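So the structure is just underneath, and the comments pick up after that.
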C-alpha cells in the first residue's frame, strides 16, 4: 500500500516501451532531432497555439527557470504560502534567479486568495526601490494539497496580474490531474485564462523524467535557450525526454493515467469517509488525499504496511485538527490499484 | 556514417533493458531507494574507497556544481583553454558558482602545461584581494581533443595543486574511454593521483542520462546534498539514473563500450592515415579523431553521407593547418560499427 | 520641523572637521593606512576584545555581506517581519548572498518572539534538503519601530541560536541609540550576549557615510576581505571612512549624539502624550517615535511644515489603530533641536 | 615622493570645503534632494544631452553594475586583457552580474585591437548556446597603462559594437585625465563616438568618494534604480557625493586637477628620459608613467623615499623588458607637486 508519493511509482509501460524503441540509431543531440521537433509540435496541438517548449530535468528546474526568465532587480514573486516553489525547493528559485524573493500569500484550501494577493502586491509601490518590485504570480494546479483552482479562480488571479502588468506562472507538476478532474482542455486552463508560463510536469504522472517549461507566447522565450543551458539544464541526449512525451501524449495516455490516479484518490477518500478512525481533512480534487487521524492510529497503519507521510497543516487549515491528531497525505498514481486502495480501506475498519 | 558526436548515439541495449526492469513497483524517491544505495556502493567498489556520489542531469551540471562546491569569494579556477567548462557551458560554472572565474591555461595537445599552470596561479598572490583567489584546478580526461593525460601528467598537475592547497577536479565526460585506453584502474587515475572531485560521465558512453559528481573524500561533500537540490538537480525518480548505472557497471559493460569506441577511433585513424586526402591532426588516444583536410574534400564527404563537424583549431595546434584546410572532429561510440568506419575509409580513397 | 529620517541630517561638525583634517597628504589606499589601523584598534578597545572590522558603503551592504559570510546552500536566515533586511533592502541580502532566504518571524513591538523563532527554525529538519537549512538569526537593535531588546531579550534569542548552532547577527543601524538608551557597553550588548556579527552604523548618527561589519571573532572573518572586494565595497580612499569613525569615537561623541537624539525623541513623545489629537503607538525607547492620529490631522501638520512619514502598521500592532487613523513615524537625530520639537508640540495643541 | 597611486591623495580643498558647506541642514535622503537634482542636471550640461546619473560607492561598483545592467544569460563582455574590470576587481563583475564572463582581448599599449575584437566576438555565433552570447564591449579611458584611445580608436571599436548590436561601456576611472589630455569634450569622447554607458570616476582626481554610472540614453536606465539598491549601492546621505561633484564641476575644477596631474606625469617622464638609469616603457598620455629600470636601482630609489610600485608587464609589451629589469608604475594626481617630481628626477641622476 504505497501512498507516499507519485514519485515512488516507476514509469508507465508505454513510456518504457517508447524509450526502448527510440534507443536505437543516431540522431542530433541537444534537442535538434526530428523527434524533439515532433514533440514540440505535439505541444502546440495540445495547447491549440504556437508555444515554445523547453525540456528540463526537474519540476524545481522548470519553476525556477520560469521565474528566472521574468526576474528583474529586486524582484518579488507571489505564490501561495504552501507552494512547492517557496517551501520545497531549497531556495532554487531564489538561487537560480539571482535573488528573486518569494512572497507567500495565504488563502484557504491551497488557493491564493485574490484579495490577499491584491493587498500583497500593493505593498510594493511602483518606483519605491526599498521594497523591490513585483515580477510574477505563481499558482499551482492542482495545488499542493490536492485541491483545484476552478477556471473562475484562475480568472480572478489573472485579472489581478493583468491590472499590475505581471506575468502569471502555473506550476503544473500535476497538470494532467487537474485537467482530468476539471474536464477542460489545456488551452482553457492556461492561456485562455491568462497563464503566460507553465511548468509542465510528466514525471509524477508516469514518466521517468519529463518536465518542460512552456511559454504560451514564444516571443517571450527568446532568451530561454541560453538561460536553460546556463543553468546546466540542456540534455545532450534530449530525445530521451522527447521519447517519453511522445508516448505520454499518444492516444491520450497522459489523461488516462491522470484520470486513473484521480479515481483512485476518490476511492481512497470514500474509504476514509466510511471509516471511524479517520476523516478527510478536505475534499480531494485530484490525486492527493489528506486525512486526519490520531497519531496512534497512523502508527498502527504504518506497521500494517501502509506507506504514507505526515504533513504540516497549512496555516489556513490548522484549525481542522483536533489535539492528538496528525494530518496525513496519501498520493495515488497511474500505478495505484483499486485492490491496494481497498486493502487500505480494510485496515481503516 | 555518424561521427558527429557520441551524444548522437542512443542508449545501449543493456541500459535500456535495465530501465525497463526497474520501471515496475514503488520505491522511495529522491535517491533514498535500495537501488540508489546499491549503485553508490558499486561506485565505492570501483574506486576502491568510500566515495560520495551525487547524480545530476548533465555533464555541465556535474562540472559546475563541483566547482561551486569549492568556490570562495573572488574564486578563480584554472583549466585548459579548450576545456568544456570554459568554452562550451554557456557560463554555467560562473553562474552556478555565483561568479567564479575560469582562467584558461595553455598547453599542447589539450593538456595543461604544468609550468604555465604554475605561472598562472602565481599571478594571484595570497591576500591580494584585487586579483581574487585560486580555488581549484580542473583537467579533462580524456581531453577535449581526444588525447590523454598519462598518470605522470596528472601527477605533475596534482603536485602543483598540492603545493598551493588547491583541490583538483577531473571532468570525466569520457572517463571510461580514458581508463580503457590507459589500461589503469579508476583509483589509479583519480585519488591515487590527487584528484579530489570527479565529474563521472556515463551518457556519452551508452547511457541516456547518467552523470554523477564523485567526491573522493566524502567529508568534503557534506554540503553537497543542499547544493545539488538548490541547483534543481535532484531527480525525484532518481532510480532511473541508478538503473542505468547498475547496468553500466554490470560485468564491466562500461569498459567494454569504451574500449569498443576507442577501437573504432583507432580504426578510423588508420583509414585516415592511409588516405591521401586527409591526415590526422594528432594521434587519437580515446574516442575522438581529429583530421585535417581541404574544405572542398570535407564538403564532398558530407554529401556522400558522412556526418562530422568542423572544429576550431586549439591555439597550441593552430600551426598544424595548411591554408585551405579545415580541422574536423569525428567521434565514435558504443554504437559505431567497423562497417561504418570502413565505408568512411572507402570514401577517403 | 524635520522628523522624516535621521538620514536627512547632514554630518556632525566634528565629523566634518575630521574629514577636512585628514584630507591632506598621501596615505596608502584600500584600508592599509595608519589611520585605518588606528580606527580598527579603537573598535577593539570599544568592544573590549580583538574584533575584525570592515568598512562598507551602506547599512544594506553591511547586513547583506554579514549574511553572505555565513550563507550555505539553501540557506534560510530568520529575522523579524519588520526587519530592514527583509522589507527595505530591495532583496540585496538574497542577491548578494546568492539566494539566501529571509524567513520573517513575528513578535510584538519589533522584537522576535523567542517561541516563534524556535518554531520557525524547527520547520527545517536537519538533512531535509527540500526545505533548505537555517544559517543565521538577525535582530535589529534598536528595532525598526524604535523599541529595544533588553539584554535578557537578546539572551533569549542567543540561547536558541546556540542550541541550533546558528550565528547571531545584529543590525546596528542605530546601535549607538540602543547603547545610550540601555546604558550598557558595546561588549555587554553584543558578544557577551552571543552576537557574532554586527552591522555597525555610524551614518544615521552624525556621519556622512560610515558603516562597518564587525566580526566578534576575527577567525570567522578570514574570507571577508575577498567577499567585500567582490561586492564592490572596498573603498580606495578608505581613510575617509576612518576619519569619520575617528571623530565619531573621540571623547564619546557617538554616545553623546545618540543620547541627544534619544532625548529629543523622549521630548517629542512627551508632546504627543500631552496632545489630544495624537497618541503614542507605543513607548519610544530610542530615537524613533510612532504616533497615531487621524489622517486629516496629519495632513494639516504637514501643511504647517512638519515633515514626517506614514508607516505601515506592523502585523503585531495593527490592532492599535482606529478607523481613520494613520500610523506616523518621527525620527530624531544629533541635529534635532528642542526648539524644533517644541514647535511641533505647539502644532499638536 | 608619493607616486604609488592617485588613490593615495586625499581630497582637494574645494571638495573638502563643499562637504563642509553641505553638512548643515536637513535634506531628503537617497538622492531625492535638490542638490542631487542640481548635480544631475550639471551632468546633463557637461554631456550636452539628457543623461541618467547614478552615484555608487566605488569604480568597481560602477563597472560591475554597468555590465550587470546589460547582462543576458550566458553573457560575455569583451575588454582589454589588462582592463581593471577583468584583472583587479576580484570577480565583482562576474559576481554582481550573476555570472557574466569577461573575455580578454589583446592589443598594444592598453588598447583593444579592433581586428582581435572582431575575431573574439565572431567566436560566439548567434543562437549557439554552448558558447554563450556577447553582451557588451568595455574600454578603459585613459587605459590601465596610462595611454589613450584617440577619438578614431573609439570609433573603430564602436563600429564593431554597432555591427554586432552590442552596447559599448567606458571605464572612466581616469575620465578627466583623458579629456584634459585629448582636449576634447565629454560628449565628443563618449556618446558622439558610440559610448552607451560610462563609469564616471571622480575619486582618483581629487574627490573622497565620487563615482557614478552614466547612461547616455536614460531610457536604458529604467531598471537601474532597483539594480543599484539591490547591490547595496544606494547611499542614504547621497548628498555627500553630490556635494563632491558640485565642487568638482565648479569652474572646471575637475579638468584643472586632471590637467595638473597630466602635466606632472609629463614632467616625470621628462626626468626619466633624461636619466641614464631609467627609461620610459612607453610614452605616458595621461597621469600614469611606466618606466623600466634595473631592480637594484628601483630598490635604491625606494630606500631614498620614492614610493611607487612594480607592475606586471602587459603581454603585448613584455618584449620591452631587458633581463634584470622591472617595470614600474608612477602615478601623479592633483596633489603631486613639481618639487616632488624634481626631487625624484634628482634621484635618477
Query raised in the report: Quick check: is even one residue across the stretch B:333-342 at pLDDT below 95, surrounded by 14 or more Cβ atoms within 10 Å (Cβ to Cβ) and touching a strand residue (DSSP E or B) at 6+ places or on another chain (Cβ under 8 Å)?
Result: no
Requested in this report: Give me the pairs, please: first residue somewhere in the stretch B:45-61 and within 14 Å of another protein chain (Cβ to nearest Cβ) and farther than 16 Å from residue B:169 by Cα, second residue anywhere and in a strand (DSSP E or B) and at pLDDT below 95, beta-carbon distance under 6 Å, and either six or more positions apart or on two chains.
Outcome: none
Report task. Mind counting the residues in the stretch A:70-99 that are touching a residue at least 60 places away in the same chain (Cβ under 8 Å), at the interface with another protein chain (Cβ under 9 Å from one of its Cβ atoms) and buried (at least 24 other Cβ atoms within 10 Å of the Cβ)? Result -> 3
**Report entry** Qualifying residue in the stretch C:111-129 (condition: under 30 Å from residue A:59 (Cα atoms), within 13 Å of chain A (Cβ to nearest Cβ) and under 15 Å from the mean Cα position of the chain (by Cα))
**Finding:** no
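Residue check: is residue D:67 part of a helix (DSSP H, G or I), surrounded by fewer than 24 Cβ atoms within 10 Å (Cβ to Cβ) and touching a residue at least 60 places away in the same chain (Cβ under 8 Å)?
In short, no.
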Report summary line: Quick count over the stretch A:110-128, residues being more than 17 Å from residue C:90 (Cβ to Cβ), surrounded by fewer than 20 Cβ atoms within 10 Å (Cβ to Cβ) and in contact (Cβ under 8 Å) with a residue 12 or more places away in the chain, is 2
Query raised in the report: Taking the stated definitions as given, is residue A:255 in contact (Cβ under 8 Å) with a residue 40 or more places away in the chain, over 19 Å from residue A:47 (Cβ atoms) and in contact with a helix residue (DSSP H, G or I) (Cβ under 7 Å, 6 or more places away or on another chain)?
Result: no
Query raised in the report: Which residues, taken from the stretch A:40-64, are assigned to a loop (DSSP other than H, G, I, E, B) and surrounded by fewer than 21 Cβ atoms within 10 Å (Cβ to Cβ)?
Result: A:48, A:49, A:50
Query raised in the report: With C:320, C:292 as the choices, which residue is within 26 Å of residue C:141 (Cβ to Cβ) and modelled with pLDDT under 95?
Result: C:320
Query raised in the report: Would you pick out the residues in the stretch D:1-39 that are surrounded by 20 or more Cβ atoms within 10 Å (Cβ to Cβ), more than 7 Å from chain C (Cβ to nearest Cβ) and in a helix (DSSP H, G or I)?
Result: D:6, D:15, D:18, D:35, D:36, D:39
Query raised in the report: Looking at (1) over 20 Å from the mean Cα position of the chain (by Cα); (2) in contact (Cβ under 8 Å) with a residue 12 or more places away in the chain, which is the only condition residue D:273 fails?
Result: (2)
Report task. Kindly establish whether residue A:164 is crowded, with 24+ Cβ neighbours inside 10 Å, farther than 26 Å from residue A:19 by Cβ and modelled with pLDDT of 95 or more. Result -> no
Query - Count - residues of the stretch A:216-237 that are within 12 Å of another protein chain (Cβ to nearest Cβ), assigned to a loop (DSSP other than H, G, I, E, B), in contact (Cβ under 8 Å) with a residue 12 or more places away in the chain and buried (at least 23 other Cβ atoms within 10 Å of the Cβ) - result: 6
Requested in this report: Determine which member of the set D:312, D:316 is within 30 Å of residue B:120 (Cβ to Cβ) and surrounded by 16 or more Cβ atoms within 10 Å (Cβ to Cβ).
Outcome: D:316
Report task. Determine whether residue A:183 is more than 26 Å from residue B:236 (Cβ to Cβ), away from chain D (no Cβ under 14 Å) and surrounded by fewer than 24 Cβ atoms within 10 Å (Cβ to Cβ). Result -> yes
Report summary line: Going through (1) more than 18 Å from residue A:8 (Cβ to Cβ); (2) buried (at least 19 other Cβ atoms within 10 Å of the Cβ) one by one, residue A:258 fails only at (1)
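The values are calculated or read from the model by the stated rules, or taken from the named source; none is laboratory data. Keep in mind the model is a prediction, meaning the values are calculated, not measured. Neighbour counts run over all protein chains shown; Cβ positions are idealised from the backbone, glycine included.
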